[in-house]
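Okay, structure first, notes after.
The values are calculated or read from the model by the stated rules, or taken from the named source; none is laboratory data. This one's a predicted model, so the numbers in the text were calculated from it and none came from an experiment. As a convention, Cβ positions derive from the backbone with ideal geometry for all residues, glycine included, and neighbour counts pool all protein chains shown.
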Amino acid sequence: MDTRPVTADRLASSVIAVPPLARHSDRRWNHSANARLIAHMEAGGIRTLLYGGNAVLGHVGLEEYGELLDQLAQQVSASTLVIPSVGPGYGLMLEQARLLRATTFPTAMLLPTRDPTTPAGIERSVAGFVAAFGRPAVLYLKAADTIDVAGVKRLKDAGLLAFVKYAVPRTDPTDDPFLSALCDAVGAEFLVSGMGEQPAIPHLKAFRLAGFTAGCVCLAPRLSQSLLRSIQAGDWERVEALRQRLLPLESLRDALSPVRVLHEAIGLAGVAEMGPITPPLSPLPDAQRTQVAAAAIELLRFEESLASSSSPRQVP
């Protein structure tokens, strides 16, 4: 596992994959299935893994959390950065910090909470977690009123943040005064787009954010990594061609459930058997699984064509 501090160059070097986690039918971690998924992503060039919402880490107990940290550190290559998540409850966050402090993970992400909060309270919670962890945290913003720009800047200037994952939904992602103000205050290279490949395109084009997180990258790492490189090169024709390949599965994620669809898709495509999803989520109905299987298998076929192509820049 790569334990170096996170830099802007690192954020720009790899799509940040946000994978689900595999379990056995009795809910124990399925170490071999998780290893297969990690190997699939690494074979496609992915070198940053962020375990958060798609992994349903907000509903994982402390004992299994510690086991998971050990598992992830052992299963990735020496060049892969792994970022676990903590919370969303503040008390749980501090208990997880004690476990993380004994590891070599260079950062951890704070999961957003739906409970009542204040901007000043969020700022204090980040500071409290970092004090317990001993390393900077990743701030995950899903709402513009979570914390103000000045608070984010204070946290960054104090060395308490590794980077910011920005996932505030907008009708037009290019019209976002809050994101503009964040870029001005802390630098676009300190922020990553946090809503998948589709919003990442306008985010990186209009605001020049460092990189992006994604779920479909778990199935199609070469495609997603090629999308990142094409955005960075300004090859917008290729960007659109690659985006279209992702659209069927991404549309199902948007329409049905981003987390549940991705969890099912990885197993249905044959990448790795993910097993039961963690409660309080539940499996998709059979009719929806059929739709997801078709889109996932088609996406994986395209990914395999990229792997075998002698000209990886050519889109079949």
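Per the conditions (1) touching a residue at least 60 places away in the same chain (Cβ under 8 Å); (2) surrounded by fewer than 18 Cβ atoms within 10 Å (Cβ to Cβ); (3) farther than 20 Å from Thr107 by Cβ, the sole criterion not satisfied by Pro221 is (2). Looking at the structure I just gave you, is Ala188 among the hydrophobic types (A, V, I, L, M, F, W, C), more than 20 Å from Leu49 (Cβ to Cβ) and surrounded by fewer than 17 Cβ atoms within 10 Å (Cβ to Cβ)? Spelling it out, it is not the case that Ala188 is among the hydrophobic types (A, V, I, L, M, F, W, C), more than 20 Å from Leu49 (Cβ to Cβ) and surrounded by fewer than 17 Cβ atoms within 10 Å (Cβ to Cβ). No other residue among Ala255, Ala210, Ala272, Ala287 is over 30 Å from Ala181 (Cα atoms) and surrounded by 15 or more Cβ atoms within 10 Å (Cβ to Cβ) apart from Ala272.
Among the numbered conditions (1) surrounded by fewer than 17 Cβ atoms within 10 Å (Cβ to Cβ); (2) in contact with a Ser or Thr (Cβ under 9 Å, 6 or more places away or on another chain); (3) farther than 28 Å from Ser257 by Cα, the only one that His59 does not meet is (3). Residue count for the range 72-128 under the criterion of being within 20 Å of the chain's Cα centre (by Cα), surrounded by fewer than 18 Cβ atoms within 10 Å (Cβ to Cβ) and more than 23 Å from His40 (Cα to Cα): the result is 4. Pairs linking a residue in the range 127-154 that is within 19 Å of Pro116 (Cα to Cα) and among the acidic types (Asp, Glu) to a residue that is at pLDDT 95 or above and surrounded by fewer than 17 Cβ atoms within 10 Å (Cβ to Cβ), with Cβ atoms under 8 Å and 6 or more positions apart or on different chains, are Asp145/Pro119; Asp148/Pro119.
Identify all residues within the range 195-207 that are assigned to a helix (DSSP H, G or I) and surrounded by fewer than 24 Cβ atoms within 10 Å (Cβ to Cβ); write none if there are none. The answer is Gln198, Pro199, Ile201, Pro202, Leu204, Lys205, Ala206, Phe207. Among the candidates Asp235, Asp286, the residue that is free of Cβ contacts under 8 Å to residues at least 12 places away in the same chain, within 29 Å of Trp29 (Cα to Cα) and not polar (S, T, N, Q) is uniquely Asp286.
Of all the listed residues (Leu262, Leu227, Leu242, Leu249), the sole one being crowded, with 21+ Cβ neighbours inside 10 Å, closer than 13 Å to Gln288 by Cα and in contact with an Asp or Glu (Cβ under 9 Å, 6 or more places away or on another chain) is Leu249.
Yes/no per residue for (1) over 24 Å from Ala220 (Cα atoms); (2) of a type outside the set (A, V, I, L, M); (3) touching a Gly at 6+ places or on another chain (Cβ under 8 Å); (4) part of a helix (DSSP H, G or I):
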{"position": "Ser32", "(1), (2), (3), (4)": "no, yes, no, yes"}
{"position": "Ile46", "(1), (2), (3), (4)": "no, no, no, no"}
{"position": "Leu49", "(1), (2), (3), (4)": "no, no, no, no"}
{"position": "Glu67", "(1), (2), (3), (4)": "yes, yes, no, yes"}
{"position": "Gln96", "(1), (2), (3), (4)": "yes, yes, yes, yes"}
